[in-house]
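Structure record follows, encoded as structure tokens.
The values are calculated or read from the model by the stated rules, or taken from the named source; none is laboratory data. On a predicted model such as this, the values are computed, not experimentally measured, just so you know. Methodologically, a virtual Cβ is constructed for each residue, glycine included, from the backbone with ideal geometry; neighbour enumeration extends over all protein chains shown.
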Amino acid sequence: MIRIHYAVDMAEIPAFQEIQTVDTDGDGAVGEIEADRYLAEQAPALIRGLSLIVDGREANLELLDRALVLTPGEAGLRTLRIDLVLQTAAPLGLAEVAFSDGNYADRLGLREIVVRPAEGVPLFSSTAPAVSATDELRVYTDVAAATTPASAREARFTFAGGVGAAAPAIVAIAPAGAARETGGGFASLLNRDTITFPVVLLMLLVALGFGAVHALEPGHGKTIVAAYFVGARGTALHSAALGLIVAVTHSLGVLAIGALTL
């Protein structure tokens with residue numbers, strides 16, 4: 001058998017939007033019935049987006065197991081993970097396989113394909129690695145991002161069917177409360193149980209520093225504004241007023257985006 005573990009891991013913002021679809025009763029929690037109903041709709045669509053060509057023929061993918069898991073994310077939001085276990089019959093003898101994933105073609109994100117043979121099964125060639133750098137999309141670090149292709153949508157491999165152990169069993173249901181490591185240094189400040197005054201002060205200083213560096217970068221018509229100030233003989237008071245206006249409007253824009261999103 002050829003067995004596929006297909007996982008979709010949504011970050012906080014897309015997960016927040018998707019949870020609105022899953023949580024049909026609007027109580028903020030996703031019950032078992034809601035999860036089953038959502039998976040019953042999503043699983044067939046995701047399977048249709050996959051293609052497994054075995055020796056030149058499209059394979060029929062059978063759904064063995066499915067699961068939906070919500071885990072705590074950054075800033076009090078949740079992440080959403082879908083796990084599907086699929087399988088298809090493998091021919092005896094040498095087999096050439098081509099796999100492609102056409103799901104979420106319009107979205108950016110890390111995509112990883114791993115080809116792992118069962119014990120004793122000869123794998124003659126493979127365009128995909130045998131080890132997951134992200135622990136099957138559970139760990140996101142700089143190292144994982146650097147060693148994983150940004151968009152692995154296709155893989156080809158050749159193996160000998162009918163030799164060695166059978167395909168290992170895969171359980172779609174992830175452990176409850178599974179950790180999701182993001183490796184974000186600044187974001188980790190927001191994950192503290194108690195945010196103290198020094199931490200808040202540090203956040204403000206860091207934001208001020210990043211804002212000052214950003215102000216030196218081109219963009220936002222700064223060159224035109226500077227030329228206007230020179231031509232109009234603007235004073236330091238005028239510059240301070242303009243800086244305050246830009247800071248306030250930027251902050252209001254960010255708050256408006258947050259309000260519209262949440």
Of all residues in segment 72-92, count the ones that are at pLDDT 90 or above and out of contact with any helix residue (DSSP H, G or I) (no Cβ under 9 Å at 6 or more places or on another chain).
5
Just one listed residue, out of V248, V254, V230, is exposed (fewer than 12 other Cβ atoms within 10 Å of the Cβ) and within 23 Å of I13 (Cα to Cα), and it is V254
Just the residues that are closer than 27 Å to I13 by Cα and either of a type in the set (A, V, I, L, M) or outside any helix (DSSP H, G or I) (or both), please, taken from segment 203-212.
M203, L204, L205, V206, A207, L208
So which residues in segment 219-256 are assigned to a loop (DSSP other than H, G, I, E, B) and farther than 23 Å from L204 by Cα?
G219, G221, R233, G234, T235
